[in-house]
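Below is one structure, written out as structure tokens; the observations come after it.
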Amino acid sequence: MAAQITLDDVKPLIAELGFTVPDAVLQLLIEQVSAASSCMDGAGYSESLQKLLLIYAAARLAALSGARKIASQSAPSGASRSFTYDSAGTDYLYTQILDWDKNGCLSGLPLSGAKVGLFMVVGGS
């Protein structure tokens, strides 16, 4: 049976990783990863493995999509918070997804986060 995940399944992992993502965005990401359930089911993945992969994929996508992570915090009222916007801390999730998703059911999702940029400086005189 194809596994399904909910906000309640994903939010604890997101919180544990220190990220915050609006529920509306997280729900849309869950819908995207859940599309792979039928592939995983057809490939014979156990329901628990399907669920784990879906949760990991949703968390990884959330981190890659601009989720903010608290980088530092102070208080006794010089209140201050700083955030970082990167996927640091979720690379291991991606590695586990690759290891466990033997049939590549999640391969259509942008989970790698690896983008190559080009920076050119052109000078003229």
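Just so it is clear, none of the values below were taken in a lab; they were calculated from the coordinates. Owing to the predicted nature of the structure, the values given are computational and were not obtained by experimental measurement. Positions of Cβ are generated from backbone atoms using ideal geometry, with glycine treated the same way; all protein chains shown enter the neighbour counts.
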Simple label model, 7 Å out from Cα along Cβ direction - Asp8 to Ala24, nm
2.3 nm
Label Gln96 and Ser38 with points 7 Å out from Cα along Cα→Cβ: what is the distance between them in nm?
2.8 nm
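Per residue, how big is the convex hull of region 1-65 when only Cα atoms are used? Give it in Å³.
Values: hull volume 4.6 nm³, N = 65.
Spread over its residues, the Cα hull of region 1-65 gives 70 Å³ apiece.
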Give me the distance in nm between label points sitting 7 Å out from Cα along the Cα-to-Cβ direction at Ala15 and Ser46, one decimal.
2.7 nm
